[in-house]
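Q: Please read through the structure below; I'll follow up with questions.
Every read-out reported here was derived from the displayed coordinates using simple, explicitly stated rules and does not represent laboratory data. Here the structure is a predicted model, which means the values were calculated and not measured. Heads up, the Cβs are rebuilt from the backbone with ideal geometry, glycines too, and the neighbour counts pull from every protein chain shown.
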Amino acid sequence: MSSTLTVTTSFVTDHWEIVAAISPQGTLPLEIFVYENTGTGDLGPFFGTCSLKELQRLRIFTPGTPIKVFANKFVRYGQAKINVNSEADIAGVIAALVENVKDLSSAYQAQSSTIQTIQIP
């Protein structure tokens, strides 16, 4: 089953806030968004969408549970929260996010299990 990305945009005080998440019914894992690790129980700034290698390597962040920064500069999380200044091209930011998620989805599906039938004489 394909994955669904839900994107919500809101104007908050003086900037746009974009919140995105993957639906749990899809093929992608939920925690595909990368943040800087603060070493505390809080996330640092949003960094981007993870690659296939990062999906396998980065630890998943749970709010309130610190992860040591040593060897864990970045962490994965199940929601992207992007703040964009009011003059920025918000449609371009969303398009880039969608494209990155599509790229990850393609790489992820290419990695999935395959069955080969090999005749042995």
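Q: FRET efficiency for E17 and A71, Cβ-Cβ distance as r, R0 = 25 Å, nearest 0.05?
A: Numbers: r = 31 Å, r/R0 = 1.24.
After rounding, the FRET efficiency stands at 0.20.
Q: Moving on to the next point. Output wanted: per-residue J couplings in Hz (rounded whole) for the range 33-49, from phi through Karplus 6.51 cos²θ - 1.76 cosθ + 1.60, θ = phi - 60°, x for Gly and Pro.
A: Ordered by residue, 3J(HN,Hα) equals 9, 9, 10, 5, 8, 8, x, 10, x, 10, 6, x, x, 5, 10, x, 8 Hz.
Q: Give me V7, V34 ranked fewest to most by other Cβ atoms within 10 Å of their Cβ, as a rough exposure proxy.
A: Working: V7 15, V34 22.
If I rank by nearby Cβ atoms, fewest first, I get V7, V34.
Q: With +1 on each Lys and Arg Cβ and -1 on each Asp and Glu Cβ, and nothing else charged, work out how big the dipole of the range 1-94 is about its Cα centre, in Debye to the nearest 20. Walk me through the intermediate numbers first.
A: Details: 7 positive and 8 negative charges, 115 e Å.
Result for the range 1-94 is approximately 560 debye, rounded to the nearest 20.
Q: On to the next question. What is the fewest-to-most order of S86, S3 by other Cβ atoms lying within 10 Å of their Cβ? Don't skip to the end; give the middle numbers.
A: Details: S86 11, S3 20.
In order of increasing Cβ crowding within 10 Å: S86, S3.
Q: Lys/Arg Cβ at +1, Asp/Glu Cβ at -1, dipole of the chain taken about the Cα centre: which of F11, V101, N85 is farthest positive-ward?
A: Selected residue: V101.
Q: Here's something else I'd like to know. Multiply the residue separation of Q116 and V98 by 0.36 nm, subtract the distance between their alpha-carbon atoms, and state the gained length in nm to one decimal.
A: Gain on extension, Q116 to V98, equals 3.2 nm.
Q: Looking only at G64, G39, G78, which one moves most when the chain is put into a Gaussian network model with springs between Cα atoms under 10 Å?
A: Of the options given, G64 has the highest mean-square fluctuation.
Q: Helix 90-111 versus the longest principal axis of the chain: what is the Cα-based angle in degrees, 0 to 90, to the nearest 10?
A: So the inclination is approximately 20 degrees.
Q: Show the residues, 5+ positions off or on another chain, whose built amide H is closer than 5 Å to the amide H of F74.
A: N37
Q: Under the √(5λ) rule applied to the eigenvalues of the Cα gyration tensor, what semi-axes describe the equivalent ellipsoid of the range 44-92? Give them in Å, descending. Don't skip to the answer; put the middle values down first.
A: Values: eigenvalues 120, 37, 17 Å².
Working from the Cα gyration tensor, I get semi-axes of 24, 14, 9 Å.
Q: Let me ask another. For the chain, treating each Cα as an identical point scatterer without solvent, what Debye log10 I(q)/I(0) comes out at q = 0.09, 0.10, 0.18 1/Å?
A: Summing over Cα pairs of the chain leads to -0.30, -0.36, -0.98.
Q: Contour minus end-to-end for Q56 and Q25, with contour as 0.36 nm per residue of separation and end-to-end as the Cα-Cα distance? Please report the intermediate quantities before stating the final value.
A: Working: separation 31, 0.36 × 31 = 11.16 nm, distance 2.01 nm.
My answer for the length gained is 9.2 nm.
Q: Between T40 and Q109, what FRET efficiency follows from the Cβ-Cβ distance if R0 is 41 Å, with the result rounded to 0.05?
A: Plugging the Cβ-Cβ distance into 1/(1 + (r/R0)^6) gives 0.70.
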